[in-house]
Amino acid sequence: MAYCILNIALDTPLTSCFDYRWSCAAGEEPRVGQLALVSFGRREVVGLIVAVKHDTDVPADKLKDALAVRSQLSPLSPQWIALAAFAADYYQRPLGEVALPGLPKNLRVLTTVALDRALKKLAKSAPAHDHTPLDMPVLNGAQQEAADTIGGAQGFTPILLYGVTGSGKTEVYLQACAEVLAREEGGQILILVPEINLTPQLEGNIRARFPGVMLATLHSSLSEGERMLHWLAAHQGQARIILGTRLAILASLPHLKLIVIDEEHDPSYKQQEGLRYSARDLAVWRARQLGIPIVLGSATPSLESWHHAGSGRYRKLELRERAVKDAVLPRVKLLDMERDKPVDGITSHLMAALRQRLERGEQSLLFLNRRGYAPVICCESCGWISNCTRCTSFMVLHKPEHRLRCHHCSLELRIPRHCPTCGNVDLQPLGRGTQRVEEGLQQVFPQARILRIDADSTRLKGSAQAAFDTVHRGEVDILIGTQMVAKGHDFKKLTLVGILNPDTALFSQDYRASERLFAQLMQVAGRAGRAARTEGGSVSEVLIQTRYASHPLYSAVVNHDYDRFATDLLAERRQAALPPYLYQALLRAEAPELATAIGFLESARDALAFHGITLNDPIPMTMTRVHNVDRAQLLVESPSRPALQAFLKEWLALLRAMKSRVKWSLEVDPLDI
Ligand code: ADP
Ligand code: ZN
Ligand code: ZN
């Protein structure tokens with residue numbers, strides 16, 4: 001029997017490709033892209049065959065045999081392997097750590113028999129073809145032009161679809177999809193959304209529009225079984241539309257012809273642990289590699305994408321008006337909290353506006369990005385406050401649950417009956433979260449149907465969906481929510497949005513905070529006035545409570561002027577030499593003592609000098625301690641991306657060789673610094 005050598009990528013740190021021997025007749029060698037079962041240490045694991053060879057440097061007595069090759073699964077394509085290899089290289093991780101966790105777990109752990117059974121189940125789950133598709137609405141001129149441009153684009157064409165909230169971007173995507181599906185036999189389309197639980201309308205829309213087309217969804221709340229079926233449907237080409245969150249960018253899509261990224265500015269496209277990749281950036285790379293169009297849609301594009309549109313690298317398409325006839329953008333007003341002092345967090349002006357909506361049977365939304373009852377409790381006699389004992393943060397009061405909770409390490413305590421320091425029984429909540437706003441409003445409007453939607457009220461699976469359904473059915477008068485309510489929802493009966501306390505983000509140390517605040521305000525404001533104004537109905541309004549009414553960010557929001565805001569912000573970034581005019585990487589270290597983490601970063605800083613690279617001094621992270629661990633960071637900067645990449649490669653080799661006991665990680669293109 002002849003044999004060959006399989007070079008196999010495994011999900012292991014540091015080195016990840018290993019040689020194994022495989023006995024087979026000549027001409028029957030396994031193929032690159034197939035999965036193989038091998039023994040590694042004391043475990044049996046599945047790896048990805050990245051090369052098939054006939055010799056190896058591994059001595060014969062050390063060379064192990066591969067245990068099985070998963071031949072029933074068609075190989076992952078060279079393009080897919082190239083994508084994983086690019087991501088591994090760019091984010092400085094071993095190939096196996098990128099390629100394998102992206103595959104469904106069942107594909108990795110199942111026995112051959114079980115895998116066959118899965119595969120059979122998929123063959124049976126073909127979609128029905130007997131529904132008539134829901135009619136496509138007639139697009140307006142700007143939408144039609146956008147859909148035609150996207151649908152007709154050939155070759156690598158990055159397109160920024162910049163459209164105000166409610167301008168009908170979804171319709172544009174769907175009609176462009178229809179064109180691509182009709183033109184490209186077997187062609188696949190990948191649609192990425194920030195959070196699938198918050199956009200169930202889109203999934204329903206796609207199913208209704210394309211009833212004869214198999215849709216696969218890929219996101220983190222699927223069960224392993226579902227994930228496997230959907231992944232396979234994509235991999236084998238049966239699924240022609242794949243709707244997913246950031247992790248779907250690493251799906252195997254052999255016939256990919258179009259990528260759509262909705263709300264492309266959304267921070268959740270960035271994975272914040274492990275392989276810290278940007279799904280948006282990888283998507284653009286993937287589109288270029290395959291020579292296909294990619295659409296980045298947003299009402300408030302990221303400055304990176306705006307910059308590319310400005311320089312002509314991306315094509316910009318604009319939708320300036322709301323799609324529904326006679327629906328107009330809401331009127332935005334600033335309420336000065338210095339003059340109109342809020343009671344229970346709400347100014348008299350906002351209260352009057354709420355009362356008017358209640359009288360007219362219209363819906364209102366109050367936005368406050370802080371869950372819980374109060375961010376902290378304190379003792380007024382001795383000054384004690386509810387700090388978390390494990391983190392640099394407060395224990396948040398959750399009144400309905402009778403608990404204090406740390407939102408960073410999940411520590412939970414019963415609410416103390418008296419001050420732990422002086423025994424005073426009169427502990428006071430400080431500040432205001434969604435629960436407290438709900439309680440206050442219910443007292444003012446006992447008849448009103450008030451619903452709070454935040455991470456606490458929607459813990460159970462399916463409860464968020466149920467809550468949004470009640471809003472859509474009109475069974476809610478006042479909706480109170482965190483950022484969960486800001487995204488995507490098409491609330492038709494909403495004519496008032498009140499924004500309670502956005503000021504804190506204005507003075508954040510993070511230079512991206514204002515970009516984010518602006519996007520968030522525009523997005524939540526965009527929930528109002530999405531239907532045409534009814535006879536005798538209110539003009540839709542957005543009321544922002546602030547102490548800094550003259551801040552330029554707010555004037556831009558009042559004027560719905562993203563162009564101006566983004567252009568000014570880009571000019572500032574250029575002046576201050578910040579991204580996108582500068583490339584960054586962040587080395588983080590954590591240890592029980594801060595000095596240990598800083599010490600490691602100092603040796604890292606001194607390990608390598610490199611032309612064109614700036615290594616800043618290590619500093620503690622803003623939230624220094626989490627769960628009894630201190631964290632520090634070192635920022636690396638360069639005006640040149642290739643220089644940064646070259647530096648990181650050499651530097652990481654040195655850092656690994658230091659074999660420090662400090663836990664560290666590197667992030668390329670960090671968002672939070
Ligand atoms: P966006 O994603 O840009 O915020 P949506 O895609 O949610 O906007 O569309 C907003 C609303 O406009 C939806 O209710 C949608 O059904 C409606 N709509 C979109 N296009 C049209 C059109 N051409 N004619 C009528 N209504 C439309
Ligand atoms: Zn006290
Ligand atoms: Zn904590």
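The values are calculated or read from the model by the stated rules, or taken from the named source; none is laboratory data. Since we're looking at a predicted model, the values are computed, not measured. Counting neighbours? That spans all protein chains shown, and the Cβs are built from the backbone with ideal geometry, glycine included.
Strands (runs of 3 or more DSSP E) fully within region 289-402 that include at least 3 residues being within 16 Å of ligand 1 (Cβ to nearest atom): 293-298, 315-319.
Restricting attention to region 376-429 and to residues that are among the basic types (Lys, Arg) and over 22 Å from residue 629 (Cβ atoms), the residue that is farthest from ligand 3 (Cβ to nearest atom) turns out to be 417.
Go over the candidates 48, 37 one by one and state the one that is without any contact (Cβ under 8 Å) to a residue 40 or more places away in the chain and in a strand (DSSP E or B).
Numbers: 48 fails: without any contact (Cβ under 8 Å) to a residue 40 or more places away in the chain.
Being without any contact (Cβ under 8 Å) to a residue 40 or more places away in the chain and in a strand (DSSP E or B) holds for just one of 48, 37, which is 37.
Quick check on residue 358: is it buried (at least 16 other Cβ atoms within 10 Å of the Cβ), closer than 30 Å to residue 537 by Cα and touching a helix residue (DSSP H, G or I) at 6+ places or on another chain (Cβ under 8 Å)? Step through it out loud before you land on a result.
Working: buried (at least 16 other Cβ atoms within 10 Å of the Cβ): yes; closer than 30 Å to residue 537 by Cα: yes; touching a helix residue (DSSP H, G or I) at 6+ places or on another chain (Cβ under 8 Å): no.
It is false that residue 358 is buried (at least 16 other Cβ atoms within 10 Å of the Cβ), closer than 30 Å to residue 537 by Cα and touching a helix residue (DSSP H, G or I) at 6+ places or on another chain (Cβ under 8 Å).
Scanning region 362-390 for residues that are within 16 Å of ligand 2 (Cβ to nearest atom) and in contact with a Pro (Cβ under 7 Å, 6 or more places away or on another chain), we see that the one that is farthest from residue 525 (Cα to Cα) is 384. Pick from region 309-348 the residues that are surrounded by fewer than 18 Cβ atoms within 10 Å (Cβ to Cβ) and among the hydroxyl-bearing types (Ser, Thr, Tyr): which of them is farthest from residue 152 (Cα to Cα)? The qualifying residue farthest from residue 152 (Cα to Cα) is 348.
Tell me the strands (runs of 3 or more DSSP E) entirely within region 144-253 that contain at least 2 residues that are in contact with a helix residue (DSSP H, G or I) (Cβ under 8 Å, 6 or more places away or on another chain) and surrounded by fewer than 23 Cβ atoms within 10 Å (Cβ to Cβ). Walk me through how you get there before you give the answer.
Details: elements: 157-163, 188-192, 214-218, 239-244.
Passing ranges, in order: 157-163, 214-218.
The single condition among (1) part of a strand (DSSP E or B); (2) of a type outside the set (Asp, Glu); (3) surrounded by 14 or more Cβ atoms within 10 Å (Cβ to Cβ); (4) without any contact (Cβ under 8 Å) to a residue 40 or more places away in the chain that residue 8 does not satisfy is (4). Criterion applied to 613, 598, 544 was being within 30 Å of residue 489 (Cα to Cα) and at pLDDT 95 or above, and the one residue passing it is 544.
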